[in-house]
Amino acid sequence: MISGWLAPALARRNIHYGWAMIAVTFVTALVSAAAVGAPGVFIVPLQKEFGWSTAEISSAMSIRFILFGLMAPFAAALMNRYGLRNVTLTALLVVVASLVLSLGMTQLWQLMALWGVAVGIGTGMTALVLGATVATRWFSARRGLVIGILTASAATGQLIFLPLLASITEHHDWRWALALMCVMLAVAALCVLLVMRDRPSDLGLRPYGDAGTAPIVHPTPNKQPIMAAALGALRDAAQTRVFWILFATFFICGASTNGLVQVHLIPMCLDFGIPQMQAAGLLAAMGIFDFFGTIASGWLSDRYDNRHLLFWYYGLRGLSLLALPFTDFSFYGLSLFALFYGLDWIATVPPTVRLTATKFGPERAGLVFGWIFAGHQLGAATAAFGAGLSRTVLLSYLPAFFAAGLLCIVAAIIVLMIARDKKVVAA
């Protein structure tokens, strides 16, 4: 493997191998985010070709979001038992196989099975839990910054690929855009195979920032059953108030981002006469702002009260969503929305991960955050279907955007109910 010569080469330059892990995880999360967000580009072409309604297509998106989230805690348990590389590689291959098969789909049930079930499971295994696990295993210092960088990869995937996919779809066909996604996922799988390792001890290293002198310990293989590990973490965490607050706020986070804006912003812009390429460019602009906003959030979460950061993030997001319908969807109005909304699209992740690690301890942080992230995707699924239903029944997306804005205000208030103390909850 490349890691056999890459690790010594980096060591000679005084570069920790953890940064190589960050690079390969960034690439994996980047293309996975593109795979999750791409269907928003394909809603209108699928309607035209197959006659499916927005609500029917949104149902498949909802299934994908639910499984994307529910897989997270089990993905953490799988990584603990079978290793980061094996689980990540398997997940990418599942997504590639599903997308390749969907090139020939003609029935709605095939969309549900491939884009809903299979892609939801595959991308769920490489979701934010992967980044959180890499950050906690490979870094003792700058952990918040690392989480911010890896979280920002979702914005980068959107920034780079969605306008490109929209252009290919508009000038050629949605199948060509999907084929490009398959190629990118295959490249990411190759990078994982060659570079990714499970733990620093596999290379005789300590985590970045760990200046200890004790002998390096190779952890014994985790033989705990997957279901027992995941459900045991949920059982213990569910007995605390902080878990339910973080779960509820992350539910609202998913409902106001992935499920609503990522899926339905482009078709809503088409309703107001904005071309698909311009709408995709708006998402790309949000991606630019979010890339810097999320990395800054990681830096801030290492230094300031994470509860207060989440209060401002949710509050500003809610206000931007409530203001969107009053922009008249003009160039300047949408530009201001892209700025304010984009800066904190997923800036909520680093403070949420740090609060989870602080309250539940580093050993269980991945598993507990997996369940909190499941709440995020349940919220995304609710919004994906609800907004599609609003468009089908009420002929407008605007009620869904108003509802999401109000929910964000609620999240900003309840996050302050988390206690100030930093005592770790007993496992």
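The values are calculated or read from the model by the stated rules, or taken from the named source; none is laboratory data. Computed from a predicted model, the values in this text were never measured in an experiment. All Cβ positions, glycine included, derive from the backbone under ideal geometry; neighbour counts span all protein chains shown. Surface areas here come from the heavy atoms of the whole protein model, side chains and all, with no ligands, DNA or RNA. Shrake-Rupley method; radii C 1.70, N 1.55, O 1.52, S 1.80 Å.
Nonpolar atom fraction for the chain, defined as the carbon and sulfur part of the 1.4 Å probe accessible area, stands at 69 percent.
Computed over the range 293-397, the alpha-carbon pair-distance distribution with 10 angstrom bins reads 14, 33, 34, 16, 4, each value a whole percent. Here the range 114-171 yields Rg over Rh of 1.12, to two decimals, using C-alpha coordinates and the Kirkwood radius.
For the chain, the longest principal axis of the alpha carbon atoms and the long axis of helix 128-138 meet at an angle near 20°. Annotation note: chymotrypsin sites (Phe, Trp or Tyr not before Pro) in the range 1-85 located in DSSP loop regions with a Cβ neighbour count of at most 11 within 10 Å are absent. Summing Lys and Arg as +1 and Asp and Glu as -1 over all other residues whose Cβ lies under 14 Å from the Cβ of Leu343 gives a net charge of -1. Using the 1.4 Å probe convention, the accessible area of the range 292-427 works out to 44 Å² per residue with neighbouring protein chains retained. Each residue was assigned an accessible area with a 1.4 Å probe, and for Arg142 the value is about 130 Å². A cut-off under 15 angstrom between Cβ atoms defines the neighbours of Leu270, and their net charge, with Lys, Arg +1 and Asp, Glu -1, is 0. In units of the compact-protein estimate 2.2 N^0.38 Å, the range 13-55 shows a Cα radius of gyration of 1.98.
Taking the C-alpha atoms only, the angle from helix 3-12 to the longest principal axis of the chain is near 70 degrees.
Relative contact order, whole percent, for the chain stands at 27, derived from Cα pairs under 8 Å and 6 or more residues apart. Think of it as helices only: each DSSP H run of n ≥ 4 in the chain is worth -39500 (n - 2.57), and spread over all residues that comes to -25000 deg cm²/dmol at 222 nm.
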